[in-house]
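Chemist: The structure is given below, and queries will be raised subsequently.
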Amino acid sequence: MDLNRLIKKASSKPWIMMALVGAFFLIPSLIASRQNPSTIAYSDFKTAVLAGEVESVSVSRTFIHGQMTSRARKGAKSGAFETLRVDDDDLFRDLKKQGVKVTGLPESTFLAEAFAWILPILIVFAILRFASQRMGQRQSGFMTIGRSKARIYMEKEIEVSFNDVAGVEEVKEELVEVIEFLQAPEKFTRIGGHIPKGVLLIGPPGTGKTLLAKAVAGEAGVPFFSISGSEFVELFVGVGASRVRDLFVQAKSKAPCIIFIDELDALGKARGIGPAVHEEREQTLNQLLVEMDGFDSRDGVILIGATNRPEILDPALLRAGRFDRHVVVGRPYKAGRLEILKVHARGVTLGPDADLEVIAAMTVGFVGADLANIINEAALLTVRREKEMVGLPELQEAVERIVGGLEKKNRVLNPMEKDRVAHHEIGHALMAMSIPSFDTIQKISIIPRGIAALGYTLQLPTEDRFLMTRSELENKIAVFLGGRVAEELIYRETSTGARDDLLKATDIARSMVKAYGMSDKLGQISFERDRRPMDLEAPGSSSSGEYGAETAREIDSEVRRILEEQHTRVTETLRVKTDLLRQGARLLLEKETLTGMELQALATDGVLPSRAHSAI
């Protein structure tokens with residue numbers, strides 16, 4: 001009997017377990033009911049023997065079981081009896097004298113032993129296994145809670161290579177050494193060199209850090225362990241550390257391989273910071289530090305981490321000997337965005353007018369995930385319009401969807417609101433057109449988009465920019481204030497529609513004063529500490545510095561001065577163009593959308609070009 005197989009079968013089939021339980025309780029009673037012996041006193045048994053009323057007996061050390069003769073049954077269906085054996089030297093002599101058939105009775109049989117011992121144990125194990133499986137379905141394996149949750153991709157399962165990763169050529173060059181080491185470690189070890197134990201990928205969300213790590217494993221042809229930093233920490237104390245140990249044990253057994261920990265900041269946040277110290281997380285981090293010290297990169301295990309918050313990581317995790325190579329995966333440039341668009345457009349049927357270079361120029365600041373979403377949204381829009389190929393209008397519409405949200409054509413504005421929105425958007429556009437070398441106006445619309453946008457002005461950057469001068473920042477503030485000033489000139493009062501513009505303009509002005517030292521009054525000083533790198537910084541984010549109340553009042557005064565100066569500048573510019581402002585707003589109300597080319601022609605010649613020759 002294969003006990004283990006029977007236990008598994010019984011635990012997987014509830015009806016088998018129920019049958020075993022029933023057999024355990026019913027079989028002994030059935031056996032007993034078939035024999036149904038009567039218990040008699042030993043003295044009565046001895047009397048029956050001497051009277052010749054006993055036909056046969058079975059004698060054991062403790063009991064005597066026997067059968068009465070037919071004459072002695074006295075109408076009973078069965079003449080079976082049993083009695084307790086006592087020490088009687090004359091018993092066997094009397095049995096022999098009366099011609100009673102005597103047999104020996106063993107203390108137990110194999111079947112009785114099985115029912116008495118093996119079957120109850122089997123049933124208990126089956127019940128426990130069945131309960132643990134049900135508990136595991138609800139609690140993701142309670143009995144294996146200390147095991148690593150890393151998903152293991154064997155080398156044959158990884159279909160990603162560097163051909164699937166675009167726009168990060170410099171990062172690829174940094175990771176080529178890791179691939180070469182995993183493929184031919186003797187190339188480095190023969191001269192005493194060693195590859196870094198850990199590689200930390202730093203970059204904004206969506207730049208392709210996970211894809212890069214998987215591509216490294218695919219190029220090297222080694223197993224890939226993937227896990228998120230948050231999967232180490234659980235409610236129970238010690239579970240995270242146990243999972244770290246188990247992860248490295250598994251990785252060493254499959255070396256050479258790559259361990260990839262995504263969102264490393266969830267696990268590696270600096271210890272002892274904040275009002276509430278998370279002991280379990282810190283113990284898990286301590287175990288990770290120990291494991292990284294304990295393994296040798298010559299074993300063929302490379303640890304790759306990814307985070308978009310490197311400033312909060314524990315310094316011990318970043319020191320040499322642990323994550324000793326830091327690779328920045330930044331937002332792609334125009335050429336990189338074009339290559340990313342080409343990669344994601346491989347499976348999409350593009351029309352002859354689908355110029356991906358135009359889309360690459362429109363998407364300054366977009367990351368790989370955004371660009372992939374553009375291609376997908378354009379394909380869905382093409383199907384909705386019942387077209388066979390994705391064209392440039394669908395791609396541009398996809399960009400607008402991601403930037404501004406879905407069009408809300410069912411959101412009906414009353415005539416007064418619609419008129420105000422039209423003047424507001426034309427004010428932005430005219431102010432942008434009046435500034436030389438400012439971003440080109442692509443489209444003006446008064447069709448509501450997203451949650452709160454009642455209209456929008458889409459600008460097309462002419463190139464990627466990495467530095468901005470003081471005058472350029474002031475120009476951006478002026479364009480943001482253009483809509484509000486247009487309302488002031490036409491309606492002599494403002495509305496709540498300029499709220500988002502004011503927030504952005506104020507953020508720029510405050511950064512000029514606090515971070516960039518662009519205030520003549522406060523001088524060459526920055527009041528912000530521990531700012532994140534520009535390619536990781538979220539728009540409008542800022543951090544507080546250490547300064548007193550008097551300095552804070554001076555900062556507020558300078559921010560107000562910058563905004564007022566630009567407000568005056570915009571008012572003077574748009575007052576001269578009031579007629580053009582009114583004319584542009586009337587056309588926008590009539591058509592609902594205007595292209596930058598149409599507005600430029602209106603400003604230059606006073607007439608609109610044909611829509612057939614417009615940009616959209």
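Chemist: Any idea which of E554, E558, E590, E564 is exposed (fewer than 14 other Cβ atoms within 10 Å of the Cβ), modelled with pLDDT of 85 or more and farther than 16 Å from H423 by Cα? Break it down stepwise before answering.
Modeler: Details: E554 fails: exposed (fewer than 14 other Cβ atoms within 10 Å of the Cβ); E558 fails: exposed (fewer than 14 other Cβ atoms within 10 Å of the Cβ); E590 fails: farther than 16 Å from H423 by Cα.
Only one candidate passes the filter, namely E564.
Chemist: Being in contact with a helix residue (DSSP H, G or I) (Cβ under 7 Å, 6 or more places away or on another chain) and crowded, with 16+ Cβ neighbours inside 10 Å is the filter here, so list the residues in region 41-56 that pass it. Explain how you work it out, then say what you get.
Modeler: From region 41-56, those in contact with a helix residue (DSSP H, G or I) (Cβ under 7 Å, 6 or more places away or on another chain) are 48-50, 53-54; that's our starting set.
Scanning region 41-56 gives A48, V49, E53, V54.
Chemist: Right, another one. When region 208-237 is examined, which residues are found to be of a type in the set (D, E, K, R) and at pLDDT 85 or above? Steps first, answer last, please.
Modeler: Here is the first cut: in region 208-237, the residues of a type in the set (D, E, K, R) are 209, 214, 219, 231, 234.
Passing the criteria: K209, K214, E219.
Chemist: May I pose another question? All but one of (1) farther than 27 Å from L212 by Cβ; (2) touching a Pro at 6+ places or on another chain (Cβ under 6 Å) hold for V364; state the number of the condition that does not hold.
Modeler: (1)
Chemist: Answer yes if at least one residue in region 427-440 is under 40 Å from the mean Cα position of the chain (by Cα) and modelled with pLDDT of 85 or more, and no otherwise.
Modeler: First pass over region 427-440, keeping only residues under 40 Å from the mean Cα position of the chain (by Cα): 428, 438-440.
In the following step, the residues that additionally are modelled with pLDDT of 85 or more were identified as 428.
Within region 427-440 (the criterion being under 40 Å from the mean Cα position of the chain (by Cα) and modelled with pLDDT of 85 or more), the answer is yes, since at least one residue qualifies.
Chemist: P448 passes all but one of (1) closer than 25 Å to M512 by Cα; (2) in contact with a Lys or Arg (Cβ under 6 Å, 6 or more places away or on another chain); which number fails?
Modeler: Every listed condition holds for P448 apart from (1).
Chemist: Based on what the data block shows, is G497 at pLDDT 90 or above, part of a helix (DSSP H, G or I), of a type in the set (G, A, S) and in contact with a helix residue (DSSP H, G or I) (Cβ under 8 Å, 6 or more places away or on another chain)?
Modeler: On the way: at pLDDT 90 or above: no; part of a helix (DSSP H, G or I): yes; of a type in the set (G, A, S): yes; in contact with a helix residue (DSSP H, G or I) (Cβ under 8 Å, 6 or more places away or on another chain): yes.
Answer is no for this residue.
Chemist: Filter region 203-223 for residues that are surrounded by 23 or more Cβ atoms within 10 Å (Cβ to Cβ), among the β-branched types (V, I, T) and more than 16 Å from A255 (Cβ to Cβ) and give the result.
Modeler: Passing the criteria: only T207.
Chemist: Those residues that are assigned to a loop (DSSP other than H, G, I, E, B) and either under 24 Å from the mean Cα position of the chain (by Cα) or buried (at least 21 other Cβ atoms within 10 Å of the Cβ) (or both), I need them from region 323-337; list them, please. It would help to see each step written out before you state the result.
Modeler: Going residue by residue through region 323-337, those that are assigned to a loop (DSSP other than H, G, I, E, B) are 323-324, 329-333.
Result: F323, V329, G330, R331, P332.
Chemist: Right, something else. Scan region 250-266 for residues that are modelled with pLDDT of 85 or more and closer than 22 Å to A316 by Cα and report the count.
Modeler: 8
Chemist: P533 - would you say it is at pLDDT below 65 and closer than 17 Å to E474 by Cα?
Modeler: So P533 does not fit the description; no.
Chemist: Name the strands (runs of 3 or more DSSP E) wholly inside region 53-92 in which the number of residues that are closer than 14 Å to T39 by Cβ and at pLDDT 80 or above is 3 or more. Walk me through it before giving the result.
Modeler: Details: elements: 54-59, 63-68, 80-84.
The strands (runs of 3 or more DSSP E) meeting that bar are 63-68, 80-84.
Chemist: Next up: Can you tell me which residue is nearest to G206 (Cα to Cα) among those in region 305-320 that are out of contact with any strand residue (DSSP E or B) (no Cβ under 8 Å at 6 or more places or on another chain) and outside any loop (DSSP other than H, G, I, E, B)? Don't jump to the end; show me each part of the working.
Modeler: Here is the first cut: in region 305-320, the residues out of contact with any strand residue (DSSP E or B) (no Cβ under 8 Å at 6 or more places or on another chain) are 309, 311, 315-317, 319-320.
Subsequent filtering for residues that are outside any loop (DSSP other than H, G, I, E, B) retains 311, 315-317.
Working: E311: 19, P315: 25, A316: 27, L317: 23 Å.
Only one residue tops the list, namely E311.
Chemist: Could I ask something else about it? With the condition kept exactly as written, say whether any residue in region 571-590 is touching a strand residue (DSSP E or B) at 6+ places or on another chain (Cβ under 9 Å) and not in a helix (DSSP H, G or I).
Modeler: So far as region 571-590 goes, no, none of its residues is touching a strand residue (DSSP E or B) at 6+ places or on another chain (Cβ under 9 Å) and not in a helix (DSSP H, G or I).
Chemist: Do the conditions hold for A601, that is, is it of a type in the set (G, A, S), assigned to a helix (DSSP H, G or I) and more than 18 Å from L522 (Cβ to Cβ)? Break it down stepwise before answering.
Modeler: On the way: of a type in the set (G, A, S): yes; assigned to a helix (DSSP H, G or I): yes; more than 18 Å from L522 (Cβ to Cβ): yes.
Judged against the criteria, A601 is a match.
Chemist: Scan (1) more than 24 Å from A306 (Cβ to Cβ); (2) in the same structural domain as I261 (by TED's automatic domain parsing); (3) not aromatic (F, W, Y) for the single condition D324 breaks and write down its number.
Modeler: (1)
Chemist: If we keep just the residues of region 398-417 that are surrounded by 18 or more Cβ atoms within 10 Å (Cβ to Cβ) and more than 23 Å from I477 (Cα to Cα), which is modelled with the lowest pLDDT?
Modeler: Only one residue fits best here, namely R401.
Chemist: Please verify whether V176 is in contact (Cβ under 8 Å) with a residue 40 or more places away in the chain and either among the hydrophobic types (A, V, I, L, M, F, W, C) or outside the structural domain of F366 (by TED's automatic domain parsing) (or both), treating the condition exactly as stated. Quick ask: steps written out before the conclusion?
Modeler: Numbers: in contact (Cβ under 8 Å) with a residue 40 or more places away in the chain: no; either among the hydrophobic types (A, V, I, L, M, F, W, C) or outside the structural domain of F366 (by TED's automatic domain parsing) (or both): yes.
For V176, the condition - in contact (Cβ under 8 Å) with a residue 40 or more places away in the chain and either among the hydrophobic types (A, V, I, L, M, F, W, C) or outside the structural domain of F366 (by TED's automatic domain parsing) (or both) - is not met.
Residue-by-condition table, conditions (1) exposed (fewer than 13 other Cβ atoms within 10 Å of the Cβ); (2) within 23 Å of R346 (Cβ to Cβ); (3) at pLDDT below 85:
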site: G141; (1), (2), (3): no, no, yes
site: T144; (1), (2), (3): yes, no, yes
site: S148; (1), (2), (3): no, no, yes
site: I152; (1), (2), (3): no, no, yes
site: I158; (1), (2), (3): no, yes, yes
site: F162; (1), (2), (3): no, yes, no
site: A166; (1), (2), (3): no, yes, no
site: V171; (1), (2), (3): no, yes, no
site: E180; (1), (2), (3): no, no, yes
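The values are calculated or read from the model by the stated rules, or taken from the named source; none is laboratory data. Worth saying up front: this structure is predicted, and the values here are computed from it rather than measured. Every residue, glycine among them, receives a Cβ derived from its backbone with ideal geometry; neighbour counts consider all protein chains shown.
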